[in-house]
Protein chains: 2
Amino acid sequence: MTFEENSADILHADTQTALDRAAASTHRHEALFSDRAFHIKQSAVRDVFDISIRPGLVSLAGGSPYLRSLPLADLGETVRRIVAEQGLESLQYGAGQGTEELRRQACEVMAAEGITDADPADIVITTGSQSAQDVAAKVFCNPGDVVLCEDPTYVGALNAFEAYEVELQPVPMDADGLVPEALEACIATLREQGKSIKMLYTIPSFNNPSGITLAAGRRQRIVDICKAANILILEDNPYGMLRFDGMPLTPLRAGNPDDVLYLGSFSKIFAPGVRVGWALVPRHLHRRFYLACEAVVLCPSPLSQMLVSAYLRDYDWMEHIRASRLLYAARCASMLAALTEHLPDGVSWTVPDGGFFVWLSLPEGLDTYPLLYEAIDAGVVFIPGAAFTPSDEPSNKLRLAFSAVPEEDITEGVRRLAPVLRRAVDAAGH
Amino acid sequence: MTFEENSADILHADTQTALDRAAASTHRHEALFSDRAFHIKQSAVRDVFDISIRPGLVSLAGGSPYLRSLPLADLGETVRRIVAEQGLESLQYGAGQGTEELRRQACEVMAAEGITDADPADIVITTGSQSAQDVAAKVFCNPGDVVLCEDPTYVGALNAFEAYEVELQPVPMDADGLVPEALEACIATLREQGKSIKMLYTIPSFNNPSGITLAAGRRQRIVDICKAANILILEDNPYGMLRFDGMPLTPLRAGNPDDVLYLGSFSKIFAPGVRVGWALVPRHLHRRFYLACEAVVLCPSPLSQMLVSAYLRDYDWMEHIRASRLLYAARCASMLAALTEHLPDGVSWTVPDGGFFVWLSLPEGLDTYPLLYEAIDAGVVFIPGAAFTPSDEPSNKLRLAFSAVPEEDITEGVRRLAPVLRRAVDAAGH
């Protein structure tokens, strides 16, 4: 596929879906699709992922972690031993819940974040956090059920939930994250409409894509509101340890073992290529969640799990996190400085204190989706804001990722982006 | 968990589910479960898996491949290089569809089985074949839709489909596999009842658990019947290359690219611990299937995929398959000889010409489920037949696996099993 075809794909994903459906509808198999199949969407992020590896482009699109600081040669020797000396275990089927060692280690990671009472028996190791989101949607949501989420929120979670015909209801955020009063009002309105609200899906620390963090002072209040309304919280915390100042905010799960299903991931503190995450599930919900995990993958990969376990056992993973925090903090600072220097009036952005992302707002009424094409022509890639909301409306926002790009490239990428945004702002008469 | 608790678990899985539900129903979160959550079952196979690793027991339960013949030291060196020298790729996020190299190689594997027209663009790499079954159920089945299957069939597929509230309809088999006339009659009856039939799920070669193979002369007829009825075939072929005489039977997919969604797996011809399989999807169905795969795992593990690719590229994988066939053939012969020598009259069994399993039938009216407890006391483990049918009726069948156990242990296991079966047959007055 050529570059242009590919970028055209992104811009016309909706059109293409329609065409696709029209093409399929000429086939007698069209009638075989489930209702939910028509809710499974193209992910703009994934398409941009394919584009963004083209040479010459500066990609501020993908939220990939920086892996060059991992001790790859040593890890190679570690994985060699796992296969050569423990191959009958690492290459064989394993337990559906995951290895006991890794479940114990996940508890140690959570303890470092502030969850001190996790029991390995309540954990299920998952094929990345994505699989846990899929299973949560499956186990809890009937078609038409409501899941509350931040606005904006993680596109992969939107895709996971929408595939089960879930109605996603965005709850307004301000600079301190979810607004408790707005959450209460939203729940009240939905209940008046007779809706069944099952969960609040939240990324409280360094939300993807906005970088916004739920303030410490609001956290228990959010849990209490949900608890009072009998709504389960699905807390997705892949970036929690990556707070620039080094002090992770206490997760919602910490004091609320019955009311929060917590999702952890090794993708951002170790490596996404192993596809290993975990779910810490309230005990009264654990069995069904675990059985559903087994029904989707039989078992998580023993090879991947043993590599993650060895990494947590034999390496200074806390030091790697410390170094990563400093690196991401410096990259974030570079991005913020470049934005201040180059972007026109009328564009604002968030100032994250952790994670991978900065979220830009253009003047009301602008649509960042068509700007992506211009940005690619200018040699830089971002993700348009529309990807991160359940709404089909145009969005005047966009996401920039600073995690995977060296500082000088961040600066260059913002420099390339600036005239694209300036033209758009000027054309809109601002 | 102790041995006894664990075996009690198996025997009382249904009771425990009821207790579990009762316990959960005392919790205010009970109302949060989806309807489908109550269709997600305990897998007897997985529980027996946990038991069967106890020292001293002969496990004829788990369908694990034999891995000692893999060149583990060399594979260790291979995976070392994949991490040490290509870690920025193998440990990073990858493409949702899987790597192009592995999709090309999957086509080579299928060519060796008789599918010569597969296009890498039509393949999606999946987290084991299980994930492909889950996605197929998700993309094609509404609650109440019917999926036809062999009787007996793979327990993991039953679990995957039942989790989507699919109605599984077993179609009778004889020694030559699915009976075409029975399939036609079944479709006609279901249609008269107004049922929506979406798929035929079939393991045509060396069916798990029965070891029965769909005769070559019946294969196209089965496809034609489904095609005429507009029913998609989901062909699950993990054992296809493991035909003892070395000549794989041509898959249903071979001449029927539009009507068969083919599932392949590296678990039986390489190693299950990497959790890598693939789906070859009819082109008009590919896009939705692929997007659904992405929504459940984002991407298959690049590390696992690169290891499988290196194995297929740098090792004599066909020779490994040849050696595996001979090994499994010898183990199967040992099992059949031991069954002939030790089992009482009234017990019969299948004679597979490939795969991992022999399927035993006790006299009508007997239930093999309670016999498992006695067998464990006698030092041998099997899987009761009830695990492999959608029905809740007791089953007079049981599955024995010869794949993972040395010949002398197979003989010893059958020797231990014999008195348990003899007592049951005698007690039943046969």
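The values are calculated or read from the model by the stated rules, or taken from the named source; none is laboratory data. These figures come from a predicted structure and were not determined experimentally. Cβ sites come from the backbone with ideal geometry, for glycine too, and all protein chains shown count toward neighbours.
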- Any pair with Cβ under 7 angstrom, 6 or more apart, that starts in the stretch B:314-326 at a residue that is in contact (Cβ under 8 Å) with a residue 12 or more places away in the chain and ends at one that is exposed (fewer than 13 other Cβ atoms within 10 Å of the Cβ): B:HIS320/B:SER69; B:ALA323/B:SER69; B:SER324/B:SER69
- Message: For the structure I just gave you, tell me whether B:VAL381 is touching a residue at least 24 places away in the same chain (Cβ under 8 Å) and either in the same structural domain as B:ALA175 (by TED's automatic domain parsing) or crowded, with 22+ Cβ neighbours inside 10 Å (or both).
- Response: yes
- So, in the stretch A:259-293, of the ones that are surrounded by fewer than 21 Cβ atoms within 10 Å (Cβ to Cβ) and either facing another protein chain (nearest Cβ under 8 Å) or under 15 Å from the mean Cα position of the chain (by Cα) (or both), which residue ends up nearest to A:SER304 (Cα to Cα)? A:ARG287
- Sort through A:PRO143, A:PRO172 and tell me the only one that's of a type outside the set (D, E, K, R) and more than 10 Å from chain B (Cβ to nearest Cβ). A:PRO172
- Message: Which pairs turn up if I take residues in the stretch B:337-359 that are of a type in the set (D, E, K, R) and look for partners that are buried (at least 17 other Cβ atoms within 10 Å of the Cβ) with beta carbon separation below 6 Å, at least 6 apart in sequence or on another chain?
- Response: B:ASP353/B:PHE244
- Item | Verdict on B:VAL155 being buried (at least 17 other Cβ atoms within 10 Å of the Cβ), of a type outside the set (D, E, K, R), at pLDDT below 95 and in the same structural domain as B:GLN105 (by TED's automatic domain parsing) | yes
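Residue-wise test of (1) assigned by TED's automatic domain parsing to the domain that holds B:PRO172; (2) under 17 Å from B:ASN208 (Cβ atoms); (3) part of a helix (DSSP H, G or I).
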position: B:MET335; (1), (2), (3): no, yes, yes
position: B:ALA338; (1), (2), (3): no, no, yes
position: B:ASP367; (1), (2), (3): no, no, no
position: B:PRO370; (1), (2), (3): no, no, yes
position: B:ILE376; (1), (2), (3): no, no, yes
position: B:ALA387; (1), (2), (3): no, yes, yes
position: B:THR411; (1), (2), (3): no, no, yes
position: B:ARG416; (1), (2), (3): no, no, yes
position: B:ARG422; (1), (2), (3): no, no, yes
- Residues of the stretch A:20-75 that turn out to be among the acidic types (Asp, Glu) and at pLDDT 90 or above, as a count: 2
- Which one of the conditions (1) modelled with pLDDT of 95 or more; (2) in a helix (DSSP H, G or I); (3) among the charged types (D, E, K, R) does B:ASP345 fail to meet, given that it meets all the rest? (2)
- Query: Restricting attention to the stretch B:226-249, which residues are surrounded by fewer than 18 Cβ atoms within 10 Å (Cβ to Cβ) and either over 15 Å from B:ASP353 (Cβ atoms) or within 14 Å of another protein chain (Cβ to nearest Cβ) (or both)?
  - Reply: B:LYS227, B:ALA228, B:ALA229, B:ASN230
- Task: Would you check if A:ALA386 is of a type in the set (A, V, I, L, M, F, W, C), more than 19 Å from A:SER64 (Cβ to Cβ), surrounded by fewer than 24 Cβ atoms within 10 Å (Cβ to Cβ) and at pLDDT 95 or above?
- Result: no
- Task: Determine, yes or no, whether A:ILE376 is at pLDDT below 95, crowded, with 22+ Cβ neighbours inside 10 Å and under 29 Å from A:PRO238 (Cβ atoms).
- Result: yes
- Query: Given the structure, is B:ARG325 outside any loop (DSSP other than H, G, I, E, B), surrounded by fewer than 21 Cβ atoms within 10 Å (Cβ to Cβ) and touching a Leu at 6+ places or on another chain (Cβ under 7 Å)?
  - Reply: yes
- Message: Take B:LYS195 and tell me if it is surrounded by fewer than 16 Cβ atoms within 10 Å (Cβ to Cβ) and in a loop (DSSP other than H, G, I, E, B).
- Response: yes
- Those residues of the stretch A:108-120 which are in contact (Cβ under 8 Å) with a residue 60 or more places away in the chain and either farther than 18 Å from A:LEU285 by Cβ or within 14 Å of chain B (Cβ to nearest Cβ) (or both), in sequence order: A:GLU108, A:VAL109, A:ALA112, A:GLU113, A:GLY114, A:THR116
- Message: For a quick check of your reading of the model, give me the residue pairs whose first member lies in the stretch B:82-105 and is within 14 Å of A:SER69 (Cα to Cα) and at the interface with chain A (Cβ under 7 Å from one of its Cβ atoms), whose second is surrounded by fewer than 23 Cβ atoms within 10 Å (Cβ to Cβ) and among the basic types (Lys, Arg), with beta-carbon atoms closer than 8 Å and at least 6 apart or on different chains.
- Response: B:LEU88/A:ARG68
